[in-house]
Amino acid sequence: MPSLGSIRRSFAPWDDPAAKPYISFKNVTKRFGDFVAVDNLSLDVYEREFFSLLGPSGCGKTTLLRMLAGFEEPTEGEIFLDGQSLKGVPPHKRPVNMMFQSYALFPHMSVADNIAFGLKQDGMEKGARDERVAQMLKLVKLEEFAKRKPDQLSGGQRQRVALARAVAKRPKLLLLDEPLGALDKKLREETQFELMDLQQQLGLTFMIVTHDQEEAMTMSDRIAVMDKGIIAQIGTPAEIYEAPNSRYVADFIGSGNILEGNVASSDDAHVTIKGGDGEIVGALRGSKAPANGEAAWFAIRPEKMQVSRSKPENVDNALEGEVWDIAYLGDMTIINLKLDSGNVVQASMINRSRLVEDPIGYDERIWLSFSADSGLVLER
């Protein structure tokens, strides 16, 4: 059976029935007065996993992290780490370190002293402490900055100091709350790969909170997409992107087109839906097709569509419309097409050559075509 997307590494303990979770949330609910931040949530994370909690502001992802760190207690349910309940265990006694978006570095201390702070608090002997700090500085490539103060560093360098301080104590688990939010785009992309490499080198379990879908897709072994205190879907980046289980996930992850209609017919693999944009044949997501007449939605990514000026032949699906917007992004061009129904769909084209002869322009009528297996029919 073909795989959904590329495999980042051959690591999938969640597919092994004998594997024991490293972190377990068991029916956890957290209320703040009348507001339910986390709603009867259960979740398993495995050792050495790079796991992301992804969702919009207010969905409960940071609350989950804070409960795991011990800064909040669940209203109901229980949290386990390495088989041990964390109920009543104060933050400083948990084998967990948390790295905040603000980095929280001590401004009066040097880089080396910032990294050494937690080790000193734990009573580590000075010789061993100095050796560990030297290891951390080398790991994050900041040896020459050991004596500088935080205000003498760039944002990316401060981020690496905070990371070195967080891992210096060799926690079993590192929690990261929007750790790259303060960095510019280019530095953030570079740091994502540095974090991945660091996690692999140290063999730690990383759990990260982010609202940046690209960040989660780049770094994670698995992603939990959250919505209003519940988990909408858990899966690898490829599963979340290529096989969303709902309109919410399809719309939240990446760019996507969602066309609405009612089921006209179906077979074991495909469903035909009929709506304002005509008939569309799409792949069946589950094992059972929705009944004829039921509402359904077809989700397809912009890069799965082919653009042409003339009506394509021998294709499963084709939509005609007027070019409404064009965005040139360098590596690709985005085209928004307004259909006769008034709906707007988006297609993307890779710019494989530097020069384009007779490029598509505004107000042209063009066609978008796509195979049935390029998108999914969703029931919710």
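The values are calculated or read from the model by the stated rules, or taken from the named source; none is laboratory data. This structure is a prediction, so every number in the text was calculated from the model and none was measured. Cβ sites come from the backbone with ideal geometry, for glycine too, and all protein chains shown count toward neighbours.
Considering only segment 130-147, I want to know if a residue exists there that is basic (Lys, Arg) and under 21 Å from residue 96 (Cα atoms). Checked against the condition, which is being basic (Lys, Arg) and under 21 Å from residue 96 (Cα atoms), segment 130-147 yields at least one hit.
Candidates 280, 326, 234, 258: the one that is in a strand (DSSP E or B), on the phi < 0 side of the Ramachandran plot and touching an Asp or Glu at 6+ places or on another chain (Cβ under 7 Å) is 258. Could you tell me whether segment 190-197 includes any residue that is within 13 Å of the chain's Cα centre (by Cα) and either modelled with pLDDT of 90 or more or not in a loop (DSSP other than H, G, I, E, B) (or both)? Checking segment 190-197: at least one residue is within 13 Å of the chain's Cα centre (by Cα) and either modelled with pLDDT of 90 or more or not in a loop (DSSP other than H, G, I, E, B) (or both).
Is it fair to say residue 248 is assigned to a helix (DSSP H, G or I), within 22 Å of residue 37 (Cα to Cα) and at pLDDT 90 or above? When the stated conditions are applied, residue 248 passes them. All told, residue 223 falls short of being surrounded by fewer than 20 Cβ atoms within 10 Å (Cβ to Cβ), in a strand (DSSP E or B) and under 13 Å from the mean Cα position of the chain (by Cα).
Checking each residue in segment 62-106 for being part of a loop (DSSP other than H, G, I, E, B), surrounded by fewer than 17 Cβ atoms within 10 Å (Cβ to Cβ), of a type outside the set (S, T, N, Q) and at pLDDT below 90 picks out 95, 100, 104, 106.
Quick grid of which residues meet (1) closer than 23 Å to residue 211 by Cβ; (2) among the charged types (D, E, K, R); (3) more than 17 Å from the chain's Cα centre (by Cα); (4) not assigned by TED's automatic domain parsing to the domain that holds residue 226:
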site: 8; (1), (2), (3), (4): yes, yes, no, yes
site: 17; (1), (2), (3), (4): no, no, yes, no
site: 23; (1), (2), (3), (4): yes, no, yes, no
site: 26; (1), (2), (3), (4): no, yes, yes, no
site: 41; (1), (2), (3), (4): yes, no, yes, no
site: 49; (1), (2), (3), (4): yes, yes, no, no
site: 54; (1), (2), (3), (4): yes, no, no, no
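Inclusion of residue 185 among residues that are farther than 21 Å from residue 54 by Cβ and surrounded by fewer than 22 Cβ atoms within 10 Å (Cβ to Cβ) is not warranted. For the criterion of being without any contact (Cβ under 8 Å) to a residue 60 or more places away in the chain, in a loop (DSSP other than H, G, I, E, B) and not β-branched (Val, Ile, Thr), residue 56 fails. Taking the criterion of being within 24 Å of residue 276 (Cβ to Cβ), surrounded by 13 or more Cβ atoms within 10 Å (Cβ to Cβ), out of contact with any helix residue (DSSP H, G or I) (no Cβ under 7 Å at 6 or more places or on another chain) and not polar (S, T, N, Q), the residues of segment 335-359 that qualify are 335, 337, 338, 339, 340, 344, 345.
Of note, residue 288 does not satisfy the criterion of being in contact with a strand residue (DSSP E or B) (Cβ under 8 Å, 6 or more places away or on another chain) and either loosely packed, with under 15 Cβ neighbours inside 10 Å or under 23 Å from residue 241 (Cα atoms) (or both). A single member of 135, 157, 121, 201 is surrounded by fewer than 20 Cβ atoms within 10 Å (Cβ to Cβ), closer than 28 Å to residue 81 by Cβ and in contact (Cβ under 8 Å) with a residue 12 or more places away in the chain, and it is 201.
Checking the stated criteria, residue 58 turns out not to satisfy the condition of being assigned by TED's automatic domain parsing to the domain that holds residue 205, surrounded by fewer than 16 Cβ atoms within 10 Å (Cβ to Cβ) and more than 19 Å from residue 232 (Cα to Cα).
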